[in-house]
Number of protein chains: 2
Amino acid sequence: MTTLDDVLATVHERVTPMADERRRLSTAAALLTDRAEAAIDDHDLDADVLQVGSTARGTWLAGDRDIDLFVRFPPDISREELEEYGLDIGHEVLPEGHQEYAEHPYVKGEVDGFDVDCVPCYRVESASDIRSAVDRTPFHTRYLEARLDEDLAGDVRVFKRFLKGIGAYGSDLKTRGFSGYLSELLVVEYGGIVPLLEAAADWSPPVVFDPEDHGTTTFDDPLVVIDPTDPDRNVAAVCSAENVARLQHYARELFADPRLSLFFPSDRELLTATEARQRLASRETIPTAVVFETPDIVDDQLYPQLDKSLAGIESGLSTQGFGVFRSAVLVDDAGKTAVLLFELSTATLPAVERHEGPPVSVRDHATGFFEAYVDDESCVGPFLEGDRYVVERPREWTDAAAYLDSDAIFEVGLGVHVEDALTDGYELLVGSAEVAELVDTVDAGLTDYLDPRP
Amino acid sequence: MTTLDDVLATVHERVTPMADERRRLSTAAALLTDRAEAAIDDHDLDADVLQVGSTARGTWLAGDRDIDLFVRFPPDISREELEEYGLDIGHEVLPEGHQEYAEHPYVKGEVDGFDVDCVPCYRVESASDIRSAVDRTPFHTRYLEARLDEDLAGDVRVFKRFLKGIGAYGSDLKTRGFSGYLSELLVVEYGGIVPLLEAAADWSPPVVFDPEDHGTTTFDDPLVVIDPTDPDRNVAAVCSAENVARLQHYARELFADPRLSLFFPSDRELLTATEARQRLASRETIPTAVVFETPDIVDDQLYPQLDKSLAGIESGLSTQGFGVFRSAVLVDDAGKTAVLLFELSTATLPAVERHEGPPVSVRDHATGFFEAYVDDESCVGPFLEGDRYVVERPREWTDAAAYLDSDAIFEVGLGVHVEDALTDGYELLVGSAEVAELVDTVDAGLTDYLDPRP
């Protein structure tokens with residue numbers, strides 16, 4: 001059996017950038033910094049340049065090639081000026097670059113094979129004075145630079161690789177996992193990856209850290225790491241309970257059976273349409289899929305909207321009385337097709353539904369209810385059950401597919417762009433045979449759905 | 001439109017016994033009392049005789065012909081002696097009579113067309129000293145005799161007729177309605193039927209009365225009438241929330257549209273098998289009936305056991321995931337055949353069921369759960385949902401009829417005699433066509449079920 005030390009050493013070796021890669025990065029970063037400083041001089045601006053992120057802190061994984069260059073402006077200039085000057089300098093630093101938009105616009109481009117973001121921000125006194133989210137980043141870099149020696153930086157790389165391997169890396173809203181900054185803080189907090197994973201295997205969430213012992217707010221999250229540079233912020237706010245549990249699960253797996261595949265999992269073998277159909281059919285559920293063209297928005301907008309739409313339609317189905325056994329959002333690799341999959345345990349319902357009235361003792365309401373139904377030939381009752389009137393009236397939706405195929409789904413809470421996309425049209429697939437054909441678009445998602453792992 | 005006064009006057013006329021009936025009753029009662037006193041003398045016993053119940057209090061309805069004769073023994077004799085002497089005297093009072101058994105044995109017979117119960121009891125100082133439930137009855141009679149004048153007795157008769165008309169009369173455990181004693185106390189409390197019904201139409205249960213202002217216990221019942229002869233007893237303990245609501249509903253009906261049919265409803269037109277089948281089919285539920293021979297026990301034992309068995313099997317169905325839309329106990333008029341009817345909204349379920357494990361953070365349990373399922377080929381998962389492991393495993397029962405047809409129904413809470421009866425065998429009817437055939441046995445029950453009224 002491989003030992004844990006062997007595994008960690010091998011991972012360390014694989015994820016540590018070689019001297020050549022480091023050199024090329026330094027050269028590129030220096031070039032970019034020079035360009036930026038020259039542009040600042042040209043424009044006669046009171047700004048400075050800072051390299052931030054994992055490449056600045058020496059915690060990037062071999063092969064990752066992101067350089068983040070921040071141009072810091074004095075806080076007395078207006079937001080409009082910041083954006084204007086920021087873009088001017090960005091285009092001079094990256095002449096081939098193009099504009100993108102996060103909290104404010106920035107320029108993205110490429111230099112010597114590295115992906116470069118040139119982002120304007122405010123140079124504020126402390127992280128609690130920030131005027132936009134990116135203003136915080138330089139403080140993070142400064143905080144960690146002072147605490148990460150080469151050994152810890154190595155452990156950060158191994159831990160980040162572990163998180164990637166188990167699918168819990170990234171604070172984007174698709175993953176809701178551990179950000180790079182959070183990973184680094186945790187390694188620093190425990191003094192290395194092994195004590196961190198040993199502790200994580202035993203965590204009882206909520207787990208709270210406050211490295212600078214300056215937190216002022218309580219958070220309702222399973223993992224709370226008070227930002228050392230901002231007492232009001234939980235660095236792990238976006239990290240889901242599921243990803244905390246995932247880290248705990250795989251930490252235990254690593255100790256029980258140390259293996260490289262936890263860090264570098266091989267690609268899953270994807271189900272064929274036939275296999276998917278057989279698996280679906282054997283469950284004797286009624287798989288039902290709403291398929292539509294993915295709205296053209298960034299993932300951090302898209303996934304919350306898909307999640308909200310899934311929950312909205314699921315709640316609509318439940319309100320109508322249909323049982324949803326499991327549900328999932330599936331998106332194809334190209335991000336073009338989105339699927340809201342509902343596996344129903346009940347797809348048809350009686351023609352009648354129970355409608356409970358008020359207690360008979362609440363005279364006005366009770367009399368109103370009784371009179372509203374007593375002459376309604378389509379209803380059974382009113383009759384008494386305990387202290388209340390009850391009627392059985394025609395059910396609006398007796399067939400889940402008909403419900404999903406109707407405008408009724410626009411009455412539930414949907415993400416705004418998803419609602420637009422569904423308005424443009426969607427395809428409804430019902431039953432194992434039709435849903436299994438989704439392997440043509442969302443093969444990985446469907447395989448994960450039918451053979452889910454922690 | 002008929003006025004309320006007209007209706008009440010007509011009812012009063014119909015339910016008040018004619019002079020001839022009263023005279024015959026007095027004669028019969030006097031004869032019985034003489035016989036009893038002679039028998040007491042013959043046996044040289046320290047006992048006395050008391051006529052109790054509605055015929056003693058003048059509150060019986062014309063045509064009702066029950067005479068209750070109580071023989072009261074001193075409290076120092078043993079229970080065995082009481083039973084022995086009580087039966088001896090009973091048989092001398094009613095030479096053609098036969099023995100029956102309630103809390104203790106008594107003799108039942110007939111004199112001049114009247115049904116006579118001759119019941120032994122203890123002559124205790126006060127109703128709180130009673131040694132068996134029947135000891136209380138003489139106190140009730142004495143209490144009411146002192147408070148019921150001819151007008152109030154007339155209102156009692158009309159109120160009792162109203163309760164019979166709406167199906168809420170009787171403290172037996174099939175009806176769970178208003179006893180005669182309770183009806184009389186309520187009429188006395190309000191000083192007549194009209195103020196009583198006016199008040200009842202506006203009741204907000206729990207409604208509490210304590211005529212003697214001596215109650216010592218609190219009760220959790222919708223209607224509480226502290227027994228004037230026993231501070232620890234709620235006279236209305238057996239009265240269900242449904243019957244309290246029923247009284248409220250029909251009191252309002254009576255004021256809104258005074259009519260004789262509330263007191264003397266005509267027989268319902270019963271559904272034919274064809275009509276029953278059509279009604280059942282139109283509901284698109286899956287009616288399912290467990291039919292068996294009624295156990296040979298008194299109604300006050302039978303109905304609680306049937307109710308318990310219905311609730312037990314319904315809870316078993318729900319636990320297995322089957323939806324029960326409505327359910328009912330049906331018994332044929334002869335009391336020979338009992339039916340537990342379950343109208344299912346879901347009769348079949350997926351082959352898989354969801355099984356939630358512990359939170360991943362509870363390490364020992366979580367690891368045990370994960371290891372129990374990770375290599376089980378019949379299961380999907382374990383996977384993570386939020387902070388927990390979940391597996392999908394084969395469901396034990398996917399078909400409600402198969403469940404009801406199996407020994408699994410003996411695992412739920414059943415009445416003990418019902419369990420015996422089911423062990424002897426039962427028939428399972430599934431679907432509208434089969435269940436509609438029940439009109440041959442439980443026609444009235446099935447009609448009430450399919451066309452229920454308050």
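The values are calculated or read from the model by the stated rules, or taken from the named source; none is laboratory data. Only a predicted model underlies this, so the values are computations on that prediction, with no experimental measurement involved. A quick note on method: Cβ atoms are made from the backbone with ideal geometry, for glycine too, and the neighbour counts reach across all protein chains shown.
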Sole exception among (1) crowded, with 20+ Cβ neighbours inside 10 Å; (2) modelled with pLDDT under 95 for A:D440, by number: (1)
Any hit, the stretch B:314-336, residues being touching a strand residue (DSSP E or B) at 6+ places or on another chain (Cβ under 7 Å), among the polar types (S, T, N, Q) and either surrounded by fewer than 17 Cβ atoms within 10 Å (Cβ to Cβ) or outside the structural domain of B:F292 (by TED's automatic domain parsing) (or both): yes
Number of positions in the stretch A:323-362 that are within 30 Å of the chain's Cα centre (by Cα), in a loop (DSSP other than H, G, I, E, B) and within 14 Å of chain B (Cβ to nearest Cβ): 2
1 or more residues in contact (Cβ under 8 Å) with a residue 60 or more places away in the chain, over 25 Å from B:E356 (Cα atoms) and acidic (D, E): qualifying strands (runs of 3 or more DSSP E) within the stretch B:372-454: B:427-430
Unique residue being under 19 Å from A:F255 (Cβ atoms), in contact with an Asp or Glu (Cβ under 9 Å, 6 or more places away or on another chain) and hydroxyl-bearing (S, T, Y) when the list is A:Y181, A:Y190: A:Y190
Pairs, first buried (at least 17 other Cβ atoms within 10 Å of the Cβ) in the stretch A:199-211, second of a type in the set (F, W, Y), C-beta under 7 Å, six or more apart: A:A201/A:F255
One residue from B:Q320, B:Q305 being within 14 Å of chain A (Cβ to nearest Cβ) and in contact (Cβ under 8 Å) with a residue 40 or more places away in the chain: B:Q320
Scope the stretch A:77-132; condition aliphatic (A, V, I, L, M) and either assigned by TED's automatic domain parsing to the domain that holds A:G215 or part of a loop (DSSP other than H, G, I, E, B) (or both); matching residues: A:I77, A:L94, A:A102, A:V124, A:I130
Qualifying position, being of a type outside the set (G, A, S), surrounded by fewer than 16 Cβ atoms within 10 Å (Cβ to Cβ) and at pLDDT 90 or above, among B:D6, B:D68: B:D6
Some residue of the stretch B:391-414 being more than 9 Å from chain A (Cβ to nearest Cβ) and within 29 Å of A:P205 (Cα to Cα): yes
Any hit, the stretch B:171-179, residues being among the hydroxyl-bearing types (S, T, Y), without any contact (Cβ under 8 Å) to a residue 40 or more places away in the chain and more than 30 Å from B:F73 (Cβ to Cβ): no
Total residues in the stretch A:252-293, condition aliphatic (A, V, I, L, M) and surrounded by fewer than 17 Cβ atoms within 10 Å (Cβ to Cβ): 5
Counted residues, the stretch A:415-454 - those being out of contact with any Ser or Thr (no Cβ under 6 Å at 6 or more places or on another chain), away from every other protein chain (no Cβ under 14 Å) and hydroxyl-bearing (S, T, Y): 2
Extreme residue, farthest from B:A401 (Cα to Cα), among residues of the stretch B:267-292 that are basic (K, R) and assigned to a helix (DSSP H, G or I): B:R279
